[in-house]
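Report on the following structure.
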Amino acid sequence: MSSTTSAPGANSARPKIYILDAFHEAGIALARQHADVVCWPDPAIQNWPENADAVMVRMTPITPEQLARAQHVKMICKQGVGYDTIAIEAARAHGIPVCRTPGINSEAVAEMAFALALTVARRVSRFDRMLRAGTEIVRPQNLGIELQGKTVGIVGMGNIGKSVARKWLGAFDAKLLTYAPRSPADHWSDLPHTRVATLHEMLPQVDVLTLHLPLSAESHHMIGREELALMKQDAILINVSRGGIINEQALFDSMSKGHLFGAGLDVFEVEPPPADYPLLQLENLVATPHAGGGTHETQEKSALQVAQQVIDVLHGKPPANCIN
């Protein structure tokens, strides 16, 4: 993949779009039709604050110091929904709109949440490791649990949470409990579910707890020692949102003592977690590398939307899906 669309100075009137992460080629190609592009892994991307007219980003942090140097940036567009890696207040202070692509990855992330729950419940990863290693498998010592008709707690009632809810209802006729204090009272009126007033009311009831909310000061370490202790001994915990929502040390301590049937995590407080990270040593922990939105369909659609939103702003249109 080349990093620029043209030789330096070939068309100085064209705006410059800096792409700070690996993007689907469709989005890069669209950006190149309208601007000079500098994209990952070209080390020149580090100069975006001085040179960019617009920025496309996925997970690379954008700091207040960088934003203070960004004299010409008209827009930063973040692929996906979460934006905790971007200094939003600093962007607002410097008059730089930050936008995202809500709804594009909902189905992909919901499928990952569903896949992790099934993998934990039926010991899929454990059996795979045992077979590959030639380990003797004593089946009564490795029994899974069935999910049909179980109670599923969904924290967060956005697009992804709703897709998850539909899957649990359709596939397993689950009983749904939801917690989202900021959602309207009539939210999800088309889906059978029970709203709870507090997280602590939900936790003792659920067989599966699945998290679908952004990381914020309010949600940071929302699932801690006290919350884990309230959950059933054989409950399953799923997180495809942000790592900081769970106190990972508390989760490790709880699971090490035999509490919880297992957990499936697509996100961690430090990404990627080191190979010797304590949670990764647990047999009943299934881990994936923040890959919830990692499908061909989602990456193509979201990369195209990021590029189009950037192009629209560079052509004088108001920013869409603006955060700040």
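The values are calculated or read from the model by the stated rules, or taken from the named source; none is laboratory data. Values in this document were obtained by computation on a predicted structure and should not be read as measured data. All Cβ positions, even for glycine, are placed from backbone atoms using ideal geometry, and neighbour counts span all protein chains on display.
List of remarks:
To keep it simple, each residue is scored yes or no on (1) more than 29 Å from Asp53 (Cα to Cα); (2) outside any loop (DSSP other than H, G, I, E, B); (3) touching a Pro at 6+ places or on another chain (Cβ under 8 Å); (4) in contact (Cβ under 8 Å) with a residue 24 or more places away in the chain.
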| site | (1), (2), (3), (4) |
| --- | --- |
| Ala250 | yes, yes, no, yes |
| Glu269 | yes, no, no, yes |
| Asp276 | yes, no, no, no |
| Glu283 | yes, no, no, yes |
| Val313 | no, yes, yes, yes |
| Pro318 | no, no, no, no |
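- Evaluation of Ala229 against (1) in a helix (DSSP H, G or I); (2) among the hydrophobic types (A, V, I, L, M, F, W, C); (3) buried (at least 18 other Cβ atoms within 10 Å of the Cβ) (one fails), failing number: (3)
- Among the conditions (1) buried (at least 16 other Cβ atoms within 10 Å of the Cβ); (2) at pLDDT 95 or above, Leu215 misses just one, which is (2).
- Among the residues of region 166-186, those that are part of a loop (DSSP other than H, G, I, E, B) and either over 17 Å from Phe114 (Cβ atoms) or touching a residue at least 60 places away in the same chain (Cβ under 8 Å) (or both) comprise Ala180, Pro181, Arg182, Ser183, Pro184, Ala185, Asp186.
- Counting only residues that are assigned to a loop (DSSP other than H, G, I, E, B) and either surrounded by fewer than 21 Cβ atoms within 10 Å (Cβ to Cβ) or of a type in the set (Phe, Trp, Tyr) (or both), region 252-267 holds 4 of them.
- Qualifying residue in region 28-44 (condition: farther than 21 Å from Lys301 by Cα, exposed (fewer than 15 other Cβ atoms within 10 Å of the Cβ), without any contact (Cβ under 8 Å) to a residue 60 or more places away in the chain and among the charged types (D, E, K, R)): no
- Residue match in region 53-64 (condition: surrounded by 19 or more Cβ atoms within 10 Å (Cβ to Cβ), of a type in the set (Lys, Arg) and either without any contact (Cβ under 8 Å) to a residue 60 or more places away in the chain or within 30 Å of Gln148 (Cβ to Cβ) (or both)): yes
- Every condition in (1) at pLDDT 95 or above; (2) not in a helix (DSSP H, G or I) is met by Met1 except one, and the failing one is (1).
- Only residues that are in a helix (DSSP H, G or I) and either among the β-branched types (Val, Ile, Thr) or free of Cβ contacts under 8 Å to residues at least 24 places away in the same chain (or both) were counted in region 116-157, giving 13.
- Residues satisfying the stated conditions in region 65-77, i.e. free of Cβ contacts under 8 Å to residues at least 24 places away in the same chain, within 26 Å of Pro272 (Cβ to Cβ) and not β-branched (Val, Ile, Thr): Glu65, Gln66
- Matching option when the condition is closer than 29 Å to Gly95 by Cα, surrounded by 15 or more Cβ atoms within 10 Å (Cβ to Cβ) and modelled with pLDDT of 95 or more, among Ile311, Ile238: Ile311
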